[in-house]
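Notes follow once the structure below has been shown.
Every number in this text was worked out from the coordinates using simple rules, so none of it is lab data. The shown structure was predicted, so the numbers you read here are calculated from the model rather than taken from an experiment. Please note: Cβ atoms are built from the backbone with ideal geometry, for glycine as well, and neighbour counts cover all protein chains shown.
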Amino acid sequence: MIKNLAQLKRALVKGAEFEITGHCRPEVIGERRRVNYADTTGIYTIVPGGPDHKATVANGGRGSFLGWSKAPFWKFEGGVCGLYSDKGHTEAALIIEIKVVEAGG
C-alpha cells in the first residue's frame with residue numbers, strides 16, 4: 001500500500017497501471033491508465049488498448065501528463081493517492097485521485 005509520494009514515484013514507472021478514482025473532470029473517473037514515460041517531473045500516461053484515445057495521443061503520442069507536485073499537496077489513504085490544489089484537501093480542490101493496480105491485478 002502506497003503511503004507517501006516517494007513510494008508513489010517508485011511504483012509509477014514505465015508500464016505500471018492505475019485507475020482514476022476521482023478527478024476534477026468527472027468524465028475520466030474509472031479510466032485505467034498505463035505509465036508510458038516517467039521522470040523526476042512527472043508521468044505521461046496512455047489508455048491501454050486505446051491507441052486513438054485523447055489521453056494516449058496527447059503530447060505528441062507521449063500521453064497525458066501528470067506532474068508530481070510537492071508532498072503537501074498529496075493525500076494517501078487506504079491505497080488511494082489524491083493530488084489537490086493549493087486550496088486544501090477538500091473535494092472542491094481535488095485534481096486527481098488514483099489507485100495503483102498491483103501487477104497481475
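Its Cα gyration tensor gives the chain an equivalent ellipsoid. The semi-axes, each the square root of 5 times an eigenvalue, are 20, 15, 13 Å from largest down.
What percent does the relative contact order of the chain come to when contacts are Cα pairs within less than 8 Å and at least six residues apart? Contact order relative to length: 28 percent. For the pair V101 and I29, label points projected 7 Å from Cα toward Cβ lie 2.0 nm apart. Spin-label pair S69-S85: with each label point 7 Å from Cα along the Cα-Cβ axis, the two points sit 1.0 nm from one another.
For segment 28-61 and segment 76-105, what is the separation of their Cα centres, given in Å? Answer, in whole Å: 17. Computed from the C-beta positions of H53 and A11, the FRET efficiency with R₀ = 22 Å rounds to 0.45. For the chain, a simple Cβ point-charge model (Lys and Arg +1, Asp and Glu -1, everything else neutral) yields a dipole of about 280 debye relative to the Cα centre.
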